Amino acid sequence: MRVVVGNSFSLNMLGGDATISCKRINKDEFIERIREAQELVSIIGHQGTADLVSAITGVTVEANRVNYSFLCDDVLLVVVLKGRIGEGVVMSQSEAERVGVDFWEVRKVD
């Protein structure tokens, strides 16, 4: 099972019809899943968010702005900012911490 960490989720990631499970998880669950991942893939498109994930998990997570499509056993962990930021704003780790984040787990059920 691959653990994919990103800063957003889009239906385009599914590659067609699918049933998904979206579950809010707490910070400790997020940290545990990242630390225990046998294969960790980053699709985080913003350096500040990647830095924040690295800081809270103790695992180096690089920014990696790519298109992503689910593989059958992938678990997508999504870090979502709680606030809206301005157009074109690039947030630092400290700014992301100040806005706050939620953590989600997305799985493709079929």
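The values are calculated or read from the model by the stated rules, or taken from the named source; none is laboratory data. No experiment lies behind these values; they were computed from the predicted model shown. Glycine gets a Cβ as well: all are built from the backbone with ideal geometry, and neighbour counts include every protein chain shown.
Among the residues of region 1-11, those that are over 11 Å from the mean Cα position of the chain (by Cα) and in a loop (DSSP other than H, G, I, E, B) comprise Met1, Ser10. Somewhere in region 22-37, is a residue under 16 Å from Glu105 (Cβ atoms) and in contact with a Lys or Arg (Cβ under 7 Å, 6 or more places away or on another chain)? No, region 22-37 contains no residue that is under 16 Å from Glu105 (Cβ atoms) and in contact with a Lys or Arg (Cβ under 7 Å, 6 or more places away or on another chain). Remark: pairs (first residue in region 1-21, closer than 15 Å to Ile43 by Cα; second residue among the small types (Gly, Ala, Ser) and buried (at least 19 other Cβ atoms within 10 Å of the Cβ); Cβ separation under 8 Å; 6+ apart in sequence or on different chains) = Val4/Ser42; Val5/Ser42; Gly6/Ser42.
Listed here are the residues, each with its yes/no results for (1) modelled with pLDDT of 90 or more; (2) in a strand (DSSP E or B).
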position	(1), (2)
Met13	yes, no
Cys22	yes, yes
Glu32	yes, no
Ile44	yes, no
Asp51	no, no
Val59	yes, no
Ala63	yes, no
Gly88	no, no
Arg107	yes, yes
